[in-house]
Amino acid sequence: MKKLLISFAVIAVALLLWLFLSGSQKMSDQLYADNPHVRAVAPGQDRTAGFFTLINPTDNACKLISATADIADRVEFHSHQHMDNMVMMRPVDSIYVPAASDVALQPGGLHLMLFGVQPSAAKNTQITIETDQCGTLSFSAPIMAIGAAHKEAMHH
């Protein structure tokens, strides 16, 4: 019986330690990016897009003011706008994230544009976003082939 209790305690401690060290942002009290991914660069192109959902569990609204990615020379915030029966992609200066809310950066809406991307075998990119009130957000985003469904998007 004593060995069973010790085994259970070791497993419980290991599980708690794993949860703590895994850096699970879903239990965070800070702004975080959920389900991030970046499209692989199309042949002959040097730009691509990044997508994720920003989750702001805090009591402070914040504004995204700049971004960088280790695979890109420049990163901009963009939005799709409907003008004269056409959809046009336009840069935006910032992205507002209300307190206790989330904002989706997705195809056809707000998203990141990465410029000056050189072809590489990288499987991930590190993205860093500066905010006005919520500090610096940094996360890794997998680079996915065009047309590939993001693993979380497959769970409807």
(request) Tell me which residues come under 5 Å, amide H to amide H, from Val117 once H is placed; ignore anything under 5 positions away on its chain. (result) Arg47, Asp73
(request) Name the residues whose placed amide hydrogens come within less than 5 Å of the amide hydrogen of Ile143, ignoring near sequence neighbours (fewer than 5 apart) on the same chain. (result) Val38, Asn124, Thr125
(request) Hey, can you grab everything whose amide H is under 5 Å from the amide H of Gln133? Only 5+ residues off in sequence or another chain; H modelled, so Pro and N-termini drop out. (result) Lys63
(request) Decide, for the stretch 45-91, between rounded, prolate and oblate: order the square roots of the alpha carbon gyration tensor eigenvalues as a ≥ b ≥ c, take rounded if a/c falls under 1.5, and otherwise choose prolate if a/b is larger than b/c, else oblate. (result) oblate
(message) Apply the Karplus curve 6.51 cos²θ - 1.76 cosθ + 1.60, θ = phi - 60°, to the phi angles in the stretch 65-73 and return the couplings in whole Hz, x for Gly and Pro.
(response) 10, 7, 8, 9, 9, 5, 9, 10, 6
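Every number in this text was worked out from the coordinates using simple rules, so none of it is lab data. These numbers were taken from a predicted model, which means no experiment stands behind them.
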